[in-house]
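Notes follow the structure.
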Amino acid sequence: MLLGPSECAAGDRPEQTRNVTRGAHALMRAFGYSVLVEFPLPNGRRADLVALARDGSIRIVEVKSSLADFRADAKWMQYRQFCDRFYFAIPLDLPTQLFPGDAGLIVADAHGGLMEREAPVHSLPPATRKSLLVRFGALAADRLHGVLSTRNF
């Protein structure tokens, strides 16, 4: 398993955001994806979760802990160019109908998540996919190295 919320930058997030991130992460892992938290994108943004499928398809999950969080943040539209499918992950108490229908929707808490709505496919151009796959692999290796370097071999 690649590094999850407890091993990465999610530790400085508010509890509700950590819980939704943890649940969405668990759901993506249950679907068989490799997942990285706080993934830096080529445009300088940082995706909350990036999930890589065995076929090389890439999903981005943007965590929104409240309606105010969603309304105050329009940067999520800039993530679509870096994934085949885009999702929001929200807590159980948010109304699902308030989130755009052209994005997938995950409802999650600290114990897991549920795919409320699947995201439509917007296939990445091959060069973008290759670049993101290299970025994903390098980041995963760097994070693993960071964990392993603190242990005695």
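Any read-out appearing in this document is the output of simple, stated calculations on the displayed coordinates, not a laboratory observation. Quick caveat: nothing in here was measured; it's all calculated off a predicted structure. Glycine also receives a Cβ, built like all others from the backbone with ideal geometry; neighbour counts cover every protein chain displayed.
Taking H as built 1.01 Å from N, whose amide H comes closer than 5 Å to the amide H of Glu62, not counting residues under 5 places away? Under 5 Å from the amide H of Glu62 lie the amide H atoms of Tyr87, Phe88, Ala89, each far enough along the sequence or on another chain. Over the chain, dividing the summed -39,500 (n - 2.57) contributions of all DSSP H runs of at least 4 residues by the number of residues returns a 222 nm mean residue ellipticity of -9500 deg cm²/dmol. Restricting attention to the chain, close to 60% of DSSP beta bridges with both partner residues there are antiparallel.
In angstrom, the C-alpha Rg and Dmax of region 17-103 are 12.3, 36. For the chain, the convex hull drawn through the C-alpha positions has a volume of 117 cubic angstrom per residue. Taking packing as the residue-averaged number of other Cβ atoms within 10 angstrom, the listed peptides 56-67, 27-38, 89-100 run from highest to lowest as 56-67, 27-38, 89-100.
Residue-wise HN-Hα couplings along region 93-108, as the Karplus relation 6.51 cos²θ - 1.76 cosθ + 1.60 with θ = phi - 60° gives them from phi, are 8, 8, x, 5, 5, 7, 9, x, x, 8, 10, x, 9, 10, 9, 9 Hz; Gly and Pro carry x. Taken as Cα centroids, region 13-91 and region 131-149 sit 18 Å apart, rounded to the nearest whole angstrom. With the simple model of a label 7 Å out from the Cα in the direction of the Cβ, Ala30 to Ala110 spans 1.8 nm.
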